[in-house]
Amino acid sequence: MSNDELNTLLNSVGHCISINTFLSATFNRKQIISSLNEFSTQEGLVRVLFEIDAITSTDKSKAFAIITQFTYLPVEKQVLFMLGSVFQLIDICLDSKNHLWIIKIVLVNIKKEYDDTNLISCGHLLRQMEKFDEAEKYFSRLLKEIPEDHEDFSQCYQALGLICFQKTNYELSLYWYSQVINLLKSNDPNLASTYYSIGCIYQKCDDYNQALHNYNEALHIWKEIYGDNKPIEMAECLNNMGCIYEKEEFYSLALQYHQKALSIRDKFQIDIGSTYNNIGNIYFWLDEYDVALESYLYSFEMKIKTLSLEDPSLGKTLANMGLVYEEDGNFEEALKAYKRAALIFENIFSSTHIYNIQIQEDIQRVTSLLKSKI
């Protein structure tokens, strides 16, 4: 699962989610964890384990079936959940021992309690399947069929804004999100999320002033609602603001925002490695190479605990370490770091990929510098 998907789920605890495929589950927890550990994670992905609570006596919708007799392993009990099954998201916690996230969900009776929620879920299923045109038509039609005072009305606007953003139609995305702002109360968490989404659009369009304005609006609402109990989405907002200030070369401000993002991410144990990498970048630009290197080393240490040894994110951090060594005149260590990064990039990307081209230039440059010292 991607970090973005996990962040979305973390902000949706207590709500319902719909699975956009048939879901096969097993009673053998040890086997699943063992299988998960055999898979290497790519950049931006995390391992997750769903713990599902489903009560057979109350399930009148035939949402699942025990299919032991149809599996290739007769001793293995398996359960098949139907396409579009709806679950209530109960809790999400990190299993640090097995390096995975535990997502606890409960199967719900759609017909009895969740008809309206499922209407929204169906549209999001289409979006998650990247059927953006169909999803857009679905939500547009839903807007015509539900009253304006219905709680799902603003969610349709938000969904349309997200769909248009994913289609890179930023102008139309802004239009839909602006409609949400006109509908929601000032203390609604969805209003903060909407301002955050608008900020993302302006950041994509390189309109940093408008991006920062909307990010600040989102932060203000989150602080009013949650106080010190900051949501993970707030960390994403602070991180984006830090990246903007870095691009505008306001390095002290950038550092402040990345450190604020780190304080939240540390609580959730999400994206800590990437945050330290961002902090290292700021210290690099400030010519504080010792602190930059320390940040990159810690970033690498955190990433290697959860990511595959061939994850491109590890390669990026190694390349950054190489830059620090090079700027500090330690060409031998710089070359080692660049070569380690090159091994990762070569196994993932084509020879014409920008990462491979850049790292080979770095290696050639440092090799020449070493020869000139002899």
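The values are calculated or read from the model by the stated rules, or taken from the named source; none is laboratory data. Fair warning: this is a prediction, and the values are worked out from it, not measured in the lab. A quick note on method: Cβ atoms are made from the backbone with ideal geometry, for glycine too, and the neighbour counts reach across all protein chains shown.
Here are the numbers for this structure:
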read-out: Flag for Lys267 being more than 28 Å from Asn240 (Cβ to Cβ) and either assigned to a helix (DSSP H, G or I) or hydrophobic (A, V, I, L, M, F, W, C) (or both); value: no
read-out: Only one of Leu335, Leu297, Leu307, Leu314 that is touching a Phe, Trp or Tyr at 6+ places or on another chain (Cβ under 8 Å) and aliphatic (A, V, I, L, M); value: Leu314
read-out: The one condition in (1) buried (at least 19 other Cβ atoms within 10 Å of the Cβ); (2) in contact with a strand residue (DSSP E or B) (Cβ under 6 Å, 6 or more places away or on another chain) that Gln269 fails to fulfil; value: (1)
read-out: Filtered residue count, region 137-175, keeping only those that are closer than 20 Å to Ser197 by Cα and part of a helix (DSSP H, G or I); value: 24
read-out: Matching option when the condition is in the same structural domain as Thr367 (by TED's automatic domain parsing) and either over 22 Å from Ile232 (Cβ atoms) or aliphatic (A, V, I, L, M) (or both), among Glu294, Glu326; value: Glu326
read-out: Residue count, region 25-55 (criterion: at pLDDT 80 or above and either aromatic (Phe, Trp, Tyr) or in contact with a helix residue (DSSP H, G or I) (Cβ under 8 Å, 6 or more places away or on another chain) (or both)); value: 8
read-out: Members of region 293-312 found to be crowded, with 17+ Cβ neighbours inside 10 Å and at pLDDT 95 or above, listed by number; value: Leu293, Ser295, Tyr296, Tyr298, Ser299, Phe300
read-out: Output for region 131-162, where each listed residue is among the polar types (S, T, N, Q) and under 24 Å from the mean Cα position of the chain (by Cα); value: Ser154, Gln155, Gln158
read-out: Answer from Lys167, Lys131, Lys137 - the residue that is among the basic types (Lys, Arg) and touching a helix residue (DSSP H, G or I) at 6+ places or on another chain (Cβ under 6 Å); value: Lys167
read-out: Subset of region 66-97 that is at pLDDT 70 or above and among the aromatic types (Phe, Trp, Tyr) - its residue that is surrounded by the fewest Cβ atoms within 10 Å (Cβ to Cβ); value: Phe81
read-out: Helices (runs of 4 or more DSSP H) wholly inside region 303-374 containing at least 2 residues that are in contact (Cβ under 8 Å) with a residue 60 or more places away in the chain; value: 312-327
read-out: Residue that is farthest from the chain's Cα centre (by Cα) [pool: residues in region 273-288 that are surrounded by fewer than 19 Cβ atoms within 10 Å (Cβ to Cβ) and not charged (D, E, K, R)]; value: Leu286
read-out: Per-region count, region 98-136, residues over 30 Å from Lys30 (Cα atoms), of a type in the set (Phe, Trp, Tyr) and either assigned to a strand (DSSP E or B) or at pLDDT below 65 (or both); value: 1
read-out: Some residue of region 204-221 being of a type outside the set (D, E, K, R), in a helix (DSSP H, G or I), within 24 Å of Leu10 (Cβ to Cβ) and within 17 Å of the chain's Cα centre (by Cα); value: no
